[in-house]
Structure formats: C-alpha cells, structure tokens
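Report on the structure given below.
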Amino acid sequence: GVMAEDEKSPAAPVNDGSENPHVGGEPVSRDIDASQLNFLFQLAKVPCFRDSLLFGMPAGFALGAFRFYRIRDADKAADLTVKGMLLFSAAAWTACRYEYRQRRKTIREAFDEQQRVMLTRIMMEKEEREAGKGREQ
C-alpha cells in the first residue's frame with residue numbers, strides 16, 4: 001500500500017506484495033544444503049516408521065511369493081509385492097500412530113494430573129503456613 005513518508009519505518013520496510021522482495025536484497029540460494037537432507041538418513045527415528053516397514057515388507061513379499069507360486073508371472077508377482085508392501089505398511093503405520101497418539105495422550109494426562117496434585121499440595125502448605133503465622137501474632 002501507499003503510505004505517507006512519515007509513517008514508514010526505515011528499520012522495517014513494509015511490503016504489501018506489489019514490490020519484489022528480492023530486489024536489492026541478497027540473492028536466494030537454490031542450492032540444497034546437506035543438513036536439509038539429514039532426515040532421509042534418520043528415518044528409523046521417526047515414530048512407527050521402522051515398525052510399519054518391518055511389518056509391511058515381509059507381508060508384501062509373502063503376498064508376491066504366493067502370487068508367483070500361483071500364476072508363475074514375475075511381473076504380476078512383483079507388482080503385487082510392491083502394492084502389498086505399501087498397503088500393509090500403510091495399515092501398520094496407521095495403527096501404530098493411533099497407539100502412539102493414545103500413549104502420548106495418556107502420558108500427558110498423567111503429567112497434568114501430577115502437576116495439579118503438586119500445585120494443590122503447595123497451595124495447602126502455603127495456606128497452613130499463613131494460618132500458622134496468623135495464630136502466632
């Protein structure tokens with residue numbers, strides 16, 4: 001938008017979208033830093049990722065092996081292997097994430113309850129101390 005000169009702050013220029021934010025600034029790098037891809041090497045740390053693949057891969061391979069045994073067509077068996085692995089992994093992921101969220105919810109509720117009990121205890125002790133001081137005076 002158009003603003004009066006006295007309203008503009010020299011420290012924080014306002015861009016309403018009509019100006020190119022890169023004009024006069026530092027160029028934006030399109031290069032990918034190696035640290036941005038670190039998550040690809042740590043997928044086993046993602047909750048449920050490892051477990052869902054450990055369930056889905058053997059299930060998919062078993063389904064593909066059974067398909068190959070029945071029809072003797074490697075292409076169709078490989079296709080079913082990949083589809084089965086994806087399907088079983090997705091199902092295992094969904095079930096695992098549900099259980100994971102339930103566990104986290106239970107832990108959070110227990111933590112909140114523990115905090116509530118401790119706060120109540122602290123407040124009662126404070127009231128007892130104040131009541132004790134009132135009796136002494």
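Some values worked out for this structure:
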| read-out | value |
| --- | --- |
| Qualifying residue in the range 67-82 (condition: farther than 25 Å from Phe39 by Cβ, touching a Ser or Thr at 6+ places or on another chain (Cβ under 8 Å), in a helix (DSSP H, G or I) and of a type outside the set (S, T, N, Q)) | yes |
| Failed item in (1) of a type outside the set (A, V, I, L, M, F, W, C); (2) part of a helix (DSSP H, G or I); (3) surrounded by 11 or more Cβ atoms within 10 Å (Cβ to Cβ), with Glu127 passing the rest | (3) |
| Selection within the range 97-107 - in contact (Cβ under 8 Å) with a residue 12 or more places away in the chain and charged (D, E, K, R) | Arg97 |
| Lone qualifier among Gln114, Gln102 - being of a type in the set (S, T, N, Q), open to solvent by 100 Å² or more (accessible area, probe 1.4 Å) and assigned to a helix (DSSP H, G or I) | Gln114 |
| Pair list, Cβ < 9 Å and 6+ apart or interchain, from the range 35-51 residues that are farther than 22 Å from Glu99 by Cβ to residues that are not small (Gly, Ala, Ser) | Phe39/Lys45; Phe39/Val46 |
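For (1) touching a residue at least 12 places away in the same chain (Cβ under 8 Å); (2) exposed (fewer than 13 other Cβ atoms within 10 Å of the Cβ); (3) in contact with a Lys or Arg (Cβ under 7 Å, 6 or more places away or on another chain); (4) not aliphatic (A, V, I, L, M), each residue gets a yes or a no:
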position	(1), (2), (3), (4)
Met57	yes, no, no, no
Phe66	no, no, no, yes
Ala77	yes, no, yes, no
Leu87	yes, no, no, no
Ala95	no, no, no, no
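The values are calculated or read from the model by the stated rules, or taken from the named source; none is laboratory data. As the structure is a prediction and not an experimental result, all values here were calculated from the model. Reconstructed Cβ throughout: ideal geometry from the backbone, glycine too, with neighbour counts over all protein chains shown. SASA here: full protein model, heavy atoms, side chains in, ligands and nucleic acids out. Shrake-Rupley method; radii C 1.70, N 1.55, O 1.52, S 1.80 Å.
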